[in-house]
Structures are given as structure tokens and as C-alpha cells.
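Notes follow once the structure below has been shown.
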Amino acid sequence: MAIERYNPRASEQKWQKAWDEAKLFETDDNAPGETYYVLEMFPYPSGRIHMGHVRNYAMGDVVARFKRAMGYNVLHPMGWDAFGMPAENAAMQNKVHPKHWTYENIAAMRGQLKTMGLSLDWSREFATCDVDYYHRQQMLFLDFLEAGLIGRKTSKVNWDPVDNTVLANEQVIDGRGWRSGALVEQRELAQWVFKITDYSQELLDALDDLDQWPDKVRTMQRNWIGKSRGIDVQFKLTDPVEGHDEIICYSTRPDTMHGASFIAISPDHPLSIALEGDNAELASFNADCRRLGTSEEALEKAEKLGFNTGIRVQHPAEGRSLPVWVGNFVLMNYGTGAVFGCPAHDQRDLDFARKYDLPVRNAFYLASDGADVASEALVPAKSDVVDYVNHFAGVTTATGEEAINQTIAWFEQNGTGKAKEQFRLRDWGISRQRYWGCPIPVIHCDDCGAVPVPKSDLPIELPEDISFDLPGNPLDRHQAFLQVKCPGCGKDAKRETDTMDTFVDSSWYFARFATPHAEDPTIPAIANKWLPVDQYIGGIEHAILHLLYSRFFSRAMKRTGHLDVDEPFKGLFTQGMVVHETYRDDSGWITPAEVRVEDNDGNRIAIHLESGKPVEIGSIEKMSKSKKNVVDPDDIIASYGADTARWFMLSDSPPERDVIWTEAGVEGAHRFVQRIWRLILGASEGLKQAEPNPAKEGDALAISKAAHKTLQAVGSDLEKLAFNKAVARLYDLINQIAAPLNQIAEGKADVQTAQATRDAVDKLLAMIAPIMPHLAEEIWAQLGNTTMISALPWPVFDPQLVADDEVTLPVQINGKRRGEVVVSKQAEGKAVEELVLSLDFVQNHLQGNAPKKIIVVPNRIVNIVV
RNA sequence: GCCCCCUUGGCGGAAUUGGUAGACGCAAGGGACUUAAAAUCCCUCGAUCAAUUGAUCGUGCCAGUUCGAGUCUGGCAGGGGGCACCA
């Protein structure tokens, strides 16, 4: 009897509908079972889902389905990170309203996601651009403001002087505006900031307890917060100028003060700005510096340039005078905006000194040699012992750490310096001069200042009658939005037209999912039941900003009574990207769909389908529109089905690493889908008649052992999100039960084999169900079951079947494997030694000599040292 | 430039976290079935030499620790992520 091929198109729709109708994945807050909240980072509605989404949501779905089967009450919601620049760009380019563009994209992507068969609770869906959502975000803003968590600060933005508009860092290309091409300037704007720095120490300390986060993310956050201990040192100007009589420099290495040979201040240092008035050359130098834009990367990568102000300061310990330079590499927003340059012990300072012919003085030498610094700065670790020269703090031979402490003490006693703890973390500026974002609920009154909008007047809705014909924020020209009465004094006032950074939207959406329709931002009793998110899954690119802001936000929400957790994400998993080969010809990049790849005597060649001409195969890169190396999930799901796409996304590559999308890989995954179907359906008559019953002895024992061992291992793999390992084990299990399944199909299997195989098949389907839920449901139904497998509990393995009483030990001689020996698991070390020494190949290698040492690692290895 | 991560056969990767390197999959080659093709099934598959049960080398490169290193330490190279207004 020929088995029809599995038809994913029919089955997948059928089961998606069945799950929907049974409301299987709609979460009841009060359902029994321990709560488990699994969340994937919600997508930006760009218009189409991409393979990165497929991978992300496939992972989350496996966790959700697995945990549901383990008896947890699972929350697995989905929404849309829907504010942001692309909608405004679309509005400018295609004359489409950001709102319509966004909601159409959401509708399209929702449809795509639904074909994946994800176990999502769609009843909790929302978009951050829904008035219902940003209304509550405005409520949170007001509460934060009242609680003193929000302040006003000026900060720098990229200003396009032609378009008269603020540019994002990514819109500044080589110092020019992306549209106008004008040289970018920096502007100071008054901005709303969230006072994340109030929590610097706490955000740092709490990282230690996030033991279900990747270490690399915790390290990155630690470095980002950047706590340092150092000193503010006073340098008196030899002649006060423009009302300035000193420069304060922050340093973490005051032990190098003896080597100080210049002072460098930021172009934005108050002194530098003060000097601009009488010094046109300096003004022009500073203006050039400000054209680099505001990104730290651009500043750091730029050639290090300096301007000698001609001003001098006195070395506070040695009395000699030092020149004051303005340096383009000194950041105003870190420390005091001024540093002392010690060329001997800092490579950047050394390069600067060589360039501008400044002296290089060693503050210390390595004990081994007293060589002066030449082209490489001497930068030992703080824990290294070095010889200090003529050190004012009395230090001669000490570690950097000791010398730093003594130097700080010396300066404090001397009254010329003050110990200081410093954080690199800055307050979070949230003001954006854009339309498509959450309006900031504040009104500016000439008399009362910035006045919060009363909660009863919320929401402040974005007006829809706007146009992007002119550059800049359309809200600035919208009179009906702009003109309001001051809530304090009733006089004419102006509404704030800045909107919030989209990171604000994504800093609390996970909390809103607990009560997506509540009047208040949260209902604490319910939110606290679900939070923190047990497993959060998303891209490593969010390792710092999104995650740090969210960590701040949950603390701020706790302080304002909306939540009672500090940390929003208990478990974090950062998945790798989906990458693909690139293809190009003379006319540019070509999509994989337009190309056929062939094997030509071991060389892979690509051919353009339409023209038949060869195409160059380029490097493997992150799927992106610009390189056109994208594969549309719709196409894959239409031709192979969602299960194949899900299976392939989770097989082979470990989830935290990049995965290369290949046609061959997808086809392999699809063959496996068909193989399971064929093997089990071929034996379905026999299987239906067999009671599932694991074998305890005889030939069928191997089947049951394989099934139960796999069940144990897959369970622990899924617990660790090691999907690729689980997949490999499932391949293995199918290989092992293929022969008995064929026997059953041919009617040649005995009862024991049939029963053991039925048990193994039941286990196999349960294990496959989280990954390929439609296929598992379909086969499960074909075996005569009437309950959906998605609603069944995870099976339990038999401990007796997973235990082995013998183990194969490799035997090494001098660390090289020479053979192996089978011993009982309980065998004593002595007995193993004797057994091993009696082996022929061991005797041969020993050649009559007595072994020097025998190392027996129980149940692992034996090593004989000769 | 700074911070973080990655590097194992032709390819994706596995290796019980210091204990048999290459599980599992893909690709390739050989064979079976077939009028033929597809599908399917079986075998081989790190390199070099012995030519079978053996030997040597081999986890980006160079050192080191250890009875034993893919795994730990130091240095180097290449690739990737982030750098505060992309999301």
C-alpha cells in the first residue's frame, strides 16, 4: 500500500483552526499550574516578517509548548513595536500616512505569523501606536515625573541646517545629512530625561543575581554602566581668563601625574567655549569638531586633533606649568570634560604628544628595565608592581593600585584633589523631534514653566491631519495641537511637540501583556503574578540599551506602584542572526529566488534564472534588503510548510549562533518530515492495534531504551534551549526505530516489538510536537487519537530504561588513546586498574616496564603513564 | 577607537564542561530498486602513509599549565554585535 505524501498545506490550516476554536493558547490568569511567561522580542512592523523573526518565534514557541506540556500555566503573547522613523520615511517617500502604513504592515505580518502555527494568545495583542497603549504610557510619564524620576537637561543633537531638522545618528553619513547632503552641525536642545543614573549602582549590583542571563550580556552591561574610582584634580590657571581660574580633570590613574605633560579639554568645555569669543581660530577648530556628529564612534574613530589655547596651568604637586589644549577626543559628557595627558602611560596621549611635539615623561618604569617610552606607551595592569620616579606621594616601588590609593590620599590632604566614584552611564534622553511617537504629556507656559497635563485630559492623541511636505516635525506646525491653555493658570500656552524615544514603548510592553485592556497601565496584582518574564528571547543587538532601559523601567514602575518586581526578565536568551549567501552581477545584487545554484565538479556556481548567465557568489551576510539576500518566509511556508521551516531553523546551528539559510538544508528538513510520516503511517495499522508498552527485556529492549533515553535527553535539551541537540537526538531515534516500524508495516513484528515501538512512537510524537506541531497532530490523529497532542502532558521516562550498568572506558597510554575496555559501572578503581593492566595492547605498550602512574577517572577514562 | 563575542572535516555542527575529537544532519562518491527519472533503501566519507584490526598528524596561529587541552592561561590573526536619535 502506497502512503500518500504528507500535505502540509491542508494539515497546517486544519490544525491552526482547531487550536483556535479550542482556544487552546488563550491564557487564563487563574488557570491552575505555576505561571510561566515566555516572550520573544516583539517585532517592528516593517511590512514582511523575515527569517530572523521565524527563528526567534520558533524558539519561543517550542519553549511555550514544552512548558505548557510540563503543566505550567503559560503566557505567550505577541504585539508590535509600532512607533518609529520608518513610518515617517514611508510617509515622505510614498505620501502614505504613518498610521495607515503601520496598521497595514501589522495586518500583513499578523497574517504571516499565523501561518507559522505559533501557540500565541492573540487576544492580548496590541501595538505601541494604539492610543490605548500610549495613553497608559503617558500616565506612566506623569507618575514618573511626580516621583522625581524625570528631569530636563540640554543635550546635543545632529542638526541638518538645510532641512532644519534633527537627524538620527544613522541619518548622518560621513558628517552629512542623508537627504540634504549638508554638513551636520551640533545643537543643544532642552530634553526630557529619565534619571536612569539614580539607579546606576543598583543596576550594576543586580546584574550579579541575573544568573539566567548570558555572561556576555551582563559583562556588556557592567562595562556600559562603567563604574570607576578616581579623583578630580584641580589645575590652577597661571593667569585666570574669562572668569575661569582652574580646570578640574578626572583621572582613574592619578599615579601617572608625574608624567602629565598637557591638559586636554573638550571643545564643549565651558573654558573652550568662553575662549571662542576672542579666538576665531579656536572657534573654527571647535566648529570642525562639532561637525563629526554626536555618535561616540565617530568621535573616537576620527583623527586625534588638538588646538593649543596658549593658556597654561600649574601642576598641583610639582609646580611646573602645563599647556592647555582643546582635543577633539575629549568627551564633555564623561567625567569633567577635561583630562591631563600622560603620554608615557597612555597610547592615545602618546600619539597626540608625538604629533604636537609635547614632552614624554615616565611616571614609573618596569622593575626589569628603566627604558624610556619610545613609540609604545607603557601601560601595565593596575595590579603590576612598578618603580615610580620622584613620586610626590612618596611611592617608590608599588602596584598601580597601591600608588593610586596613596596618590588620592595625598591630593585630598593637600586640598588639590578629591576622590570620586564615576559612572559612564548617562541619563536617558527621551525627547524626539518627530511625529510618529508617543506625545509627551506636558504643556509649556510662559509663567508656570513646564506643566504636566492632568491625567483626566489624557490621552494626548496624535492628530491625524498632518503632512510631511515640509521637513521637520509636523506637530510643530499643527496649530490645533499646539495651542492650549495652561492647566495651571489658564493662560495661552504651548503643547510639548516632542514625542518619546521608541525605547520607552518597548520598556514596559511585557508588563502590559499581563493586563492588555486595563484602564491603568497595569493591574499590579495580575502583573506581579506573571512578571518577571521567565524566558525572554531576542537578538544580541539589544544586549545593552533595550534591556538596560527595561531594567530601569521596572524599577521606576515599582516606585510608582505599578509593579512589584525589580528585574523584568528572569531568563534571557540571545539568538543569532539568519545569514545567507549574497549574489550579484554587473547590474547589482540579486535575490536568492532569482538564482539557481548548481554543483559543477565540486565548485558551486550560481546561474541567473531569467538570463541563464552566471552570477557571482558573494560572502555570507546577515539577511538584508540592501544586499537582497533575503528569503521570504511566505515562500518557504507555501512550498514546504511551517513545520519544515521551524524544524530547519532549530536544527544544526546552536540557537545563540548565526544560522546559514540554505536551500539544501530546507530540503533535508522537509525530507525528514516526509520520512516520519511515511514510516509511521506505513505502520499505522499495526501501531493502532498495539498497546503502548515499553519492553523490559529481549530484542525490543533496545527500542524502549532508545526512546526513553532520548526522552530524558530531549527534555533536558529543551530546558536549556539547546534545540539543535534535541533535533539531532530525534533524528537518531527515528533511525533506531525505522527497522521495527518497517517490520510492523510488513506484519512481521512480534507483540513485544509492536508494543515497544508504539510506546516509542508516542514518545517521539510528543517530543516532535513542540517543534513541528502540525505534523505531530496529524500523525497523532491518524493513529486513532481524538485528543489533540498539543493539549497533552509531556511523557515521563522510565528511570530503569535510561540506566546502563556497563560503561566503555577509553584506555590511554601517556595521554594517547590505545584501546578501550568495558567495565561495570560500579567497578572499583583498583579492580579497573588490574583489568586494564592485563589487557594485551596495554602489555604490548608497557613492554615489561612497570607503569609510573595509573589515573582512573570513574566512568570516564583510564590513563597509564609510563 | 572602545566594550563584548565567535573561529572544530567539503559544509552546519556534537563532544556529559579538563577525559575516546568529528554524534546528528547537509553535500559528495559507490551500490540496490526502476524501462527510465524522481522518491526510497544500503555502504563509504578529516589528512597522510601502511593498504584489513595499524601508525602519524589534526579543533584559526604562537606559547604555556596538566597524566591528559577543542575545553584553562597569555599573546596574535580573521569574522561578527554594540557604541546612547535604527529597531
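The values are calculated or read from the model by the stated rules, or taken from the named source; none is laboratory data. As the structure is a computational prediction, the values presented were derived from the model and not from experiment. Every residue, glycine among them, receives a Cβ derived from its backbone with ideal geometry; neighbour counts consider all protein chains shown. The area values use the complete protein model at the heavy-atom level, side chains included, leaving out ligands, DNA and RNA. Shrake-Rupley method; radii C 1.70, N 1.55, O 1.52, S 1.80 Å.
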Charged-residue dipole, Cβ positions (Lys, Arg, Asp, Glu), the range A:421-573 about Cα centre, Debye nearest 20:
360 debye
Can you run the Rg to Rh ratio on chain A? Use alpha carbon positions and the Kirkwood inverse-distance Rh.
1.04
If I stretch the segment between A:A480 and A:E746 completely, what's the gain in nm (0.36 nm per residue apart, minus their alpha carbon distance), one decimal?
87.8 nm
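What is the percent of Cα-Cα separations in the range A:766-866 that go past 18 Å?
Details: 3036 of 5050 pairs.
More than 18 Å apart: 60 percent of the Cα pairs in the range A:766-866.
Let's test the formula: R0 of 60 Å, r as the Cβ-Cβ distance of A:A371 and A:Q826. What FRET efficiency results, to the nearest 0.05?
Here the calculated transfer efficiency is 0.40.
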Largest first and to the nearest Å, give the Cα extent of the range A:49-113 along each principal axis.
50, 22, 19
Residues with amide H under 5 Å of A:F329's amide H, sequence separation 5 or more or different chain, H placed in the peptide plane at 1.01 Å from N; which?
A:L305
What order do A:Y583, A:Y44 take when sorted by accessible area (1.4 Å probe), most exposed first?
A:Y44, A:Y583
Phi angles of the range A:243-251, converted by Karplus (6.51 cos²θ - 1.76 cosθ + 1.60, θ = phi - 60°) into ³J(HN,Hα) in whole Hz with x for Gly and Pro, give x, 9, 10, 7, 10, 9, 10, 8, 9
What is the list of residues in the range A:282-311 whose amide nitrogen lies under 20 Å from a point 7 angstrom out from the Cα of A:E188, following Cα to Cβ?
A:282-296
Would the range A:471-520 count as rounded, prolate or oblate if I go by the C-alpha gyration tensor, calling it rounded below 1.5 in a/c and otherwise prolate when a/b exceeds b/c, oblate otherwise?
oblate
At 0.36 nm per residue, and after removing the present C-alpha to C-alpha distance, how many nm does the segment from A:A850 to A:E21 gain when stretched out fully?
290.9 nm
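Note down, for the range A:215-298, the three equivalent ellipsoid semi-axes (square root of 5 times each alpha carbon gyration tensor eigenvalue), biggest first, whole angstrom.
On the way: eigenvalues 170, 91, 20 Å².
Ellipsoid half-lengths, sorted descending, are 29, 21, 10 Å.
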Label-point separation (nm) for A:E297 and A:A283, each offset 7 Å from Cα along Cα-to-Cβ?
3.4 nm
Taking a probe of 1.4 angstrom, what is the accessible area of A:S272 in Å², to the nearest 10?
0 Å²
Quick query: amide H of A:G341 versus all other amide H atoms, modeled in the peptide plane; which residues come in under 5 Å with a sequence gap of 5 or more or a different chain?
A:S261, A:F262, A:I263, A:A264
For chain A, find the longest principal axis of its Cα atoms and tell me its angle to the long axis of helix A:347-356, 0 to 90°, nearest 10.
40 degrees
Sequence order, the range A:307-324: Karplus ³J(HN,Hα) from phi using 6.51 cos²θ - 1.76 cosθ + 1.60, θ = phi - 60°, Hz rounded, Gly and Pro as x, gives 9, 7, 6, x, 7, 10, 10, 9, 5, x, 10, 10, x, 5, 9, 10, x, 9
For the range A:529-559 and the range A:37-103, what is the separation of their C-alpha centers, rounded to whole Å?
16 Å
List the extent of the Cα atoms of the range A:634-771 along each of their three principal axes, largest first, rounded to whole Å.
45, 31, 19
Karplus (6.51, -1.76, 1.60) ³J(HN,Hα), θ = phi - 60°, over the range A:182-193, in Hz, Gly and Pro reported as x
6, 4, 7, 10, 9, 10, 8, 10, 6, 10, 7, 10
Suppose we keep just the DSSP beta bridges with both residues in the range A:502-595; what percent of those would be antiparallel, to 5?
40 percent
Quick one: net charge of A:L282's neighbours, Cβ under 11 Å, K/R +1, D/E -1?
-4
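Hey, what's the Cα Rg ratio for the range A:1-76 versus the globular rule of thumb, 2.2 N^0.38 Å? Numbers along the way, then the final one.
Details: Rg = 15.7 Å, N = 76, 2.2 N^0.38 = 11.4 Å.
Computed over Cα atoms of the range A:1-76, the ratio equals 1.38.
Calculate, for chain A, the solvent-accessible area per residue in square angstrom, rolling a 1.4 angstrom probe over the heavy atoms of the protein chains.
Numbers: 38470 Å² over 866 residues.
Here the residues of chain A average 44 Å² of exposed surface.
For the range A:155-304, what is the Kirkwood estimate of the hydrodynamic radius, computed as the reciprocal of the mean inverse distance between distinct Cα atoms, to one decimal in Å? Display every interim value, and only then the final one.
Numbers: mean 1/r = 0.0528 Å⁻¹.
Radius from the Kirkwood sum: 18.9 Å.
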List the lysines whose Cα sits under 21 Å from the Cα of A:K17, skipping any in the same chain fewer than 8 residues away.
A:K114
Just from its helices, what would the mean residue ellipticity at 222 nm be for chain A, if runs of 4 or more DSSP H residues each count -39500 (n - 2.57) and the sum is divided by every residue, rounded to the nearest 500 deg cm²/dmol?
-11000 deg cm²/dmol
A:E34 paired with A:R320, simple spin-label distance in nm, labels 7 Å along Cα-to-beta-carbon:
6.6 nm
Give, as ranges by residue number, the residues of the range A:55-92 whose backbone N falls under 12 Å from the point 7 Å along Cα→Cβ of A:I526.
none
Tell me the label-point distance for the pair A:T238, A:V802, using the 7 Å Cα-to-Cβ offset, in nm and rounded to one decimal.
7.8 nm
Starting from the amide H of A:V442, placed 1.01 Å from N in the peptide plane, find each other amide H under 5 Å away whose residue is 5 or more places distant or on another chain.
A:V453, A:E496
Which net charge results when you count Lys and Arg as +1 and Asp and Glu as -1 among the other residues whose beta-carbon is under 13 Å from that of A:R152?
-2
How big is the range A:124-227 along each principal axis, measuring the range of its Cα positions in Å and listing the largest first?
49, 36, 31
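With the full set of protein chains in place, find how many percent of the accessible area of chain A is carbon and sulfur; take the probe as 1.4 Å.
Details: 18450 of 38470 Å².
Of the solvent-accessible surface of chain A, carbon and sulfur hold 48 percent.
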I'd like the distance separating the alpha-carbon centroids of the range A:286-338 and the range A:796-850, in whole Å.
68 Å
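Sort A:T165, A:T499 by heavy-atom solvent-accessible area, probe 1.4 angstrom, most to least.
On the way: A:T165 25, A:T499 0 Å².
From most accessible down to least: A:T165, A:T499.
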So how far, in whole Å, is the C-alpha centre of the range A:607-666 from the one of the range A:175-233?
36 Å
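What GluC sites (Glu not before Pro) does the range A:644-741 have in DSSP loop regions with at most 14 other beta carbons within 10 Å?
Working: sites: A:E656, A:E663, A:E667, A:E685, A:E697, A:E719; in loops: A:E656, A:E697.
Filter output for the range A:644-741: A:E656, A:E697.
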Hydrodynamic calc, the range A:432-496: Kirkwood Rh from Cα pairs, then Stokes-Einstein at 10 °C with viscosity 1.306 mPa s, so D in µm² s⁻¹ is 128 µm²/s
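Taking 0.36 nm per residue of separation and subtracting the Cα-Cα distance, what length does fully extending A:S180 through A:K688 add?
175.7 nm
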